[in-house]
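For reference, the structure discussed in these notes is given below.
The values are calculated or read from the model by the stated rules, or taken from the named source; none is laboratory data. Note that this is a predicted model, so its numbers are computed, not measured. Ideal geometry is used to build each Cβ from the backbone, glycine not excepted, and the neighbour counts take in all protein chains shown. All accessible areas refer to the heavy atoms of the entire protein, side chains included, with ligands and DNA or RNA removed. Shrake-Rupley method; radii C 1.70, N 1.55, O 1.52, S 1.80 Å.
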Amino acid sequence: MAAFIAKQMVGNQLSAVKDAAGGGGDGGDDGDDKEKAEEEERERQEAIREAEDRRKEKHRKMEEEREKMRQDIRDKYNIKKKEEIVEAAPQEEPNPLMRKKKTPEELAAEAEQEELDDFTKLKNQIETQVNELKTQIEGKCVMQ
């Protein structure tokens, strides 16, 4: 990256000297300027790519060294690597306010499941029996 900046600075100084000397006065320089700008842009993009590649390689090496140190510590203290926990963590919902909203169909399915609960079944059964007894008693008793 530093080499790129140095090239830019030297290139700017050279073009300023050229302009001051009167070298840019003829009409054919527009095509040269475009070509020069395109070339500079290609060089800039290449420098950016190279810098990014160097950065990625540096970080990869650093991570390898860290992993080697971690493995040495695991070996020293007989610790097993925890990979299952890392996979299980994203499945949990950390914030209940950010959960997906349920559709009416899902809500109806949950309500139906609640009705199928053992206690709910027993309660419904008892209620129906009580209602049947009420109707039988009311049918036998006539109030005047």
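Express the carbon and sulfur contribution to the solvent-accessible surface of region 34-79 as a percent, rounded to the nearest whole number, probe 1.4 angstrom. If you can, show how the numbers build up before the last one.
Working: 2160 of 4290 Å².
Of the solvent-accessible surface of region 34-79, carbon and sulfur hold 50 percent.
What is the sum of charges, Lys and Arg at +1 and Asp and Glu at -1, for the other residues whose Cβ falls under 14 Å from the Cβ of Lys76? With Lys, Arg at +1 and Asp, Glu at -1, the net is +3. When you filter the trypsin sites (Lys or Arg not before Pro) in region 97-130 for DSSP loop state and at most 12 other Cβ atoms inside 10 Å of their Cβ, you are left with Arg99, Lys100, Lys101, Lys102. Note that region 31-48 has calculated 3J(HN,Hα) couplings of x, 5, 5, 5, 5, 5, 5, 5, 4, 5, 5, 4, 4, 5, 4, 5, 5, 5 Hz, one per residue in order, obtained from phi through the Karplus relation 6.51 cos²θ - 1.76 cosθ + 1.60 (θ = phi - 60°); glycine and proline are x.
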